[in-house]
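The values are calculated or read from the model by the stated rules, or taken from the named source; none is laboratory data. For clarity, every value in this text was computed on a predicted model and none was experimentally measured. A quick note on method: Cβ atoms are made from the backbone with ideal geometry, for glycine too, and the neighbour counts reach across all protein chains shown.
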Amino acid sequence: MEYLSDEVIFMVDKSGRFTYISKNVEKYGYKPEEVIGKHFMEFIHESEKETMKNRFEKALELIKEYNYYEEIYKTRVITKNGNSINALVHVYYLKDFGTFLCILKDITDKENLIDKLRALNRKMFLLKNIIRRNIVALDIISHDILNQIFSLKNYVEILKGYNLSPEIMNVLNRMEDCIERIIEIVRDSIKLAKLQKISDFKKIDMNLRKLVETVIKSLENKAKKKNIEIINNVNEIVVKLNPIFINVIENLLDNAIKYSYENSKVIIESKELDGKVRIYVKDFGIGIPDEYKEKIFKRFERKSKEGIKGTGLGLAIVKRIVELHGGRVWVEDNKPRGSVFIVEIPR
Ligand code: ADP
């Protein structure tokens with residue numbers, strides 16, 4: 001990543017001595033050759049020595065136990081002329097080499113930090129779009145993406161711990177939001193990618209009313225926040241379902257809450273037809289105009305919804321699961337307002 005280019009990269013062995021340091025350490029007055037071989041503690045500011053000593057001991061213990069170590073922390077480093085800089089250090093243990101790989105970022109200059117955060121922010125939006133367009137390959141690379149994103153999340157959390165200006169805090173909060181969104185998109189994408197691959201799956205007898213009850217419990221807090229009552233009018237019927245069907249109910253009820261006004265209700269009910277069962281999820285919220293009624297079941301199709309968070313994948317997942325059960329799903333207008341999502345599956 002381009003924003004890493006001004007970062008100093010170095011390696012430290014298990015005795016704490018430098019085995020490598022990038023040439024740009026020169027901007028702090030040191031020549032790489034005078035650093036290599038020295039103990040890293042010589043470069044740590046007095047105020048941080050104790051913490052760093054403990055941190056290093058802890059790292060060695062963790063490596064002994066798990067052969068794994070990764071951490072991001074902030075510290076203070078002394079420059080050649082005796083000044084100090086605030087640094088953010090990302091440390092990975094490279095188990096194949098038995099050594100630590102570290103990336104040090106100078107965060108002394110806050111003005112500079114704003115620019116870097118902005119650039120990072122732009123990159124994250126780009127990343128979000130790339131992920132959206134390349135959903136198919138995601139199944140394979142998702143693990144790597146999630147790892148990267150979780151370390152980015154750590155990074156932002158650490159920066160938020162600083163006493164930074166409201167302007168930077170604002171950028172950090174937006175970044176955090178964006179990171180959350182990326183994590184959700186990646187997770188939902190993996191789910192969908194997996195669902196696209198299978199053609200049929202095992203079904204077991206499930207009590208529909210109980211299934212709905214479980215989902216309602218899990219959404220209780222969300223509903224409470226908007227003072228929405230969820231009414232379960234589903235009959236005690238047994239239907240052949242794969243346990244993944246719970247995602248259908250979850251997504252539909254979650255949307256019903258999301259797109260409802262405060263102090264309203266959501267009703268879920270069922271109807272038995274000839275060899276089929278229908279599930280109705282009714283809300284009294286913002287409703288869906290006719291021109292969106294089909295589109296919303298496609299990936300990433302979202303009506304403009306100021307302030308409402310989502311990935312635009314929920315209904316695509318619902319549709320796929322319902323189809324795998326040999327059923328169909330569609331949406332109609334509710335009376336006097338809102339929407340009714342109808343799921344029809346064979347019994
Ligand atoms: P999202 O993560 O955006 O909620 P979904 O795939 O679950 O993604 O839904 C796609 C779009 O369908 C939403 O962005 C919203 O515009 C619309 N939508 C879904 N459920 C409802 C509902 N109950 N009421 C109004 N609009 C809805």
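Restricting to region 142-167, what's the tally of residues that are under 23 Å from E71 (Cα atoms), out of contact with any Ser or Thr (no Cβ under 8 Å at 6 or more places or on another chain) and not in a loop (DSSP other than H, G, I, E, B)?
Filtering region 142-167 down to residues under 23 Å from E71 (Cα atoms) leaves 142-164.
When the remaining residues are screened for being out of contact with any Ser or Thr (no Cβ under 8 Å at 6 or more places or on another chain), the result is 143-164.
With the extra rule that they be not in a loop (DSSP other than H, G, I, E, B), the set shrinks to 143-160.
Final tally of qualifying residues: 18.
Which of the residues spanning region 212-257 are closer than 20 Å to A316 by Cα and either in a loop (DSSP other than H, G, I, E, B) or out of contact with any helix residue (DSSP H, G or I) (no Cβ under 8 Å at 6 or more places or on another chain) (or both)?
N242, P243, A256
Filter region 45-78 down to the residues that are polar (S, T, N, Q), surrounded by fewer than 16 Cβ atoms within 10 Å (Cβ to Cβ) and in contact with a strand residue (DSSP E or B) (Cβ under 7 Å, 6 or more places away or on another chain) and list them by number. Show your work before the answer.
Keep residues of region 45-78 that are polar (S, T, N, Q), which gives 47, 51, 54, 67, 75.
When the remaining residues are screened for being surrounded by fewer than 16 Cβ atoms within 10 Å (Cβ to Cβ), the result is 47, 51, 54, 67.
Within region 45-78, just S47 meets the criteria.
Can S260 be described as away from the ligand (no atom under 16 Å from the Cβ) and either assigned to a loop (DSSP other than H, G, I, E, B) or acidic (D, E) (or both)?
no
I'd like the full set of residues that are of a type in the set (D, E, K, R) and in contact with a helix residue (DSSP H, G or I) (Cβ under 7 Å, 6 or more places away or on another chain), limited to region 262-279.
Of region 262-279, the ones of a type in the set (D, E, K, R) are 262, 265, 269, 271-272, 274, 276, 278.
Once the filter is applied, which keeps residues that are of a type in the set (D, E, K, R) and in contact with a helix residue (DSSP H, G or I) (Cβ under 7 Å, 6 or more places away or on another chain), region 262-279 yields nothing.
Go over the candidates G285, G338, G312 one by one and state the one that is within 13 Å of the ligand (Cβ to nearest atom), modelled with pLDDT of 95 or more and at positive phi. Lay out the reasoning, then the answer.
On the way: G285 fails: at positive phi; G312 fails: modelled with pLDDT of 95 or more.
G338 is the lone residue from the list that is within 13 Å of the ligand (Cβ to nearest atom), modelled with pLDDT of 95 or more and at positive phi.
Quick check on G326: is it surrounded by fewer than 20 Cβ atoms within 10 Å (Cβ to Cβ), part of a loop (DSSP other than H, G, I, E, B) and near the ligand (Cβ under 8 Å from one of its atoms)? Step through it out loud before you land on a result.
Numbers: surrounded by fewer than 20 Cβ atoms within 10 Å (Cβ to Cβ): yes; part of a loop (DSSP other than H, G, I, E, B): yes; near the ligand (Cβ under 8 Å from one of its atoms): no.
Taking the combined requirement at face value, the residue does not satisfy it.
Tell me yes or no: at least one residue of region 296-307 is within 14 Å of the ligand (Cβ to nearest atom), at pLDDT below 90 and on the phi > 0 side of the Ramachandran plot. Before you say what the answer is, go through the steps one by one.
Applying the first criterion (within 14 Å of the ligand (Cβ to nearest atom)) to region 296-307 yields 296-307.
Add one more test, that the residue is at pLDDT below 90, and what stays is 298-307.
Within this subset, residues satisfying the condition of being on the phi > 0 side of the Ramachandran plot are 300, 307.
Yes, that holds for at least one residue.
Name the single residue that is nearest to N81 (Cα to Cα) among those in region 26-41 being among the acidic types (D, E) and over 39 Å from the mean Cα position of the chain (by Cα). Write out each step before concluding.
Going through region 26-41, the residues among the acidic types (D, E) turn out to be 26, 33-34.
From the residues that got through so far, the ones that are over 39 Å from the mean Cα position of the chain (by Cα) too are 33-34.
Details: E33: 17, E34: 14 Å.
Only one residue tops the list, namely E34.
From the residues in region 1-39 that are part of a loop (DSSP other than H, G, I, E, B) and modelled with pLDDT under 90, which one is nearest to G98 (Cα to Cα)? Walk me through it before giving the result.
The first filter runs over region 1-39 and keeps only residues part of a loop (DSSP other than H, G, I, E, B), leaving 1, 5-7, 14-16, 22, 29-31, 36-38.
Subsequent filtering for residues that are modelled with pLDDT under 90 retains 1, 5-7, 22.
Numbers: M1: 25, S5: 25, D6: 26, E7: 22, S22: 19 Å.
Taking the candidates together, the pick is S22.
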